[in-house]
Amino acid sequence: MDVRRRNNVTVTGRADGPVLLLAHGFGCDQNMWRLVAPALAEHYQVVLFDYVGSGRADPSTWDERRYSSLEGYALDVMEICEELGLRDVTFVGHSVSAMVGVLAAAKAPRRISRLVMVAPSPRYIDDDGYRGGFSAEDIDELLESLESNYLGWSAAMAPVIMGNADRPELGQELTASFCATDLDMARVFARTTFLSDSRKDLETVTVPTLILECRQDVIAPREVGAYVRDVIPGSRLVTLEATGHCPQLSAPQATTGAITDFLAAAR
């Protein structure tokens, strides 16, 4: 298996610098990091990749059984680290990838030594004493709409997820990213994402952790950030002056600054 080709791995920045592994969320690819990666690359070695089923990853390596669980995506991360010989990695995961990072860190503690969670959510569905932001009926309707008319769903949902209605180009970009994803693969990743419950997995985190949330985020409300902070001992929660679910696009300078401040303090 050619892991680099499978996941379209790209390495940039300082070859001798501390390693940052940037992982995108559902319906996206490594291009979503383009506004923060150059600044990070000035001081760090930055590793970017696409999950199978996204971006320019090799579609022939798609395995529905493997990618019907977040464990499958975590296995991809571990194999990338092994292929590149990465150790002491800071894993920066956006959205559902924050939970992928939690799983990978538990499986490979010698490789992943810090976590940065960008707009994370361990569970999207409300539960007793927990607010994820959606009812079970909301998620059922979302998935049904996605599966019946993926292009229409993308056009309607991407601007809502992105937020920043005064900057429609951001919503248009996310729409294009969603629409570029294969329907069958997107259907599986969506179910894996929105039906997951990683709350117990958070209890396994023992590495320094930064949680980044936005002031307003319809996908990961503020209560979720507080919940993640309270479950992970010693974690730091930073609320960015940003709206929407993708601060690496809507507020790249604030996102980059929060990450670099965290890394400086962790040295």
Expressed in nanometres to one decimal, the distance between label points 7 Å along Cα→Cβ at residue 151 and residue 167 is 2.8 nm
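Tell me the Kirkwood radius of the stretch 155-261: reciprocal of the mean inverse pair distance over distinct alpha-carbon atoms, in Å.
Details: mean 1/r = 0.0654 Å⁻¹.
One decimal place: 15.3 Å for the Kirkwood radius.
Hey, what's the stretch 1-125 come to in accessible area per residue, 1.4 Å probe, Å²? Write down the numbers at each step before the final one.
Details: 4600 Å² over 125 residues.
Counting only protein heavy atoms, the per-residue value for the stretch 1-125 is 37 Å².
For the stretch 176-267, what is the accessible area per residue in Å² when the probe is 1.4 Å? Let's see the in-between values first.
Values: 3980 Å² over 92 residues.
I get 43 Å² per residue for this part.
Going highest first, how would you order 238-250, 93-105 by mean Cβ packing within 10 Å? Don't skip to the answer; put the middle values down first.
On the way: 238-250: 21.7, 93-105: 27.2.
The densest-packed peptide leads the list: 93-105, 238-250.
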Taking protein heavy atoms only, a 1.4 Å probe, and rounding to whole percent, the accessible area of the chain owed to carbon and sulfur comes out at 47 percent
Expressed in angstrom and rounded, the centroid-to-centroid distance over alpha carbons for the stretch 172-232 and the stretch 92-156 is 3 Å
With 0.36 nm assigned to each residue of separation and the Cα-Cα distance removed, residue 135 to residue 265 gains 43.0 nm
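When the solvent-accessible surface of protein heavy atoms is calculated with a 1.4 angstrom probe, in what order do 58, 63 fall, highest first? If you can, show how the numbers build up before the last one.
Details: 58 20, 63 70 Å².
Result, largest first: 63, 58.
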With N residues in the chain, Rg(alpha-carbon) / (2.2 N^0.38 Å) equals 0.92
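The values are calculated or read from the model by the stated rules, or taken from the named source; none is laboratory data. Owing to the predicted nature of the structure, the values given are computational and were not obtained by experimental measurement. Cβ sites come from the backbone with ideal geometry, for glycine too, and all protein chains shown count toward neighbours. Note: areas computed on protein heavy atoms with side chains; ligands, DNA, RNA excluded. Shrake-Rupley method; radii C 1.70, N 1.55, O 1.52, S 1.80 Å.
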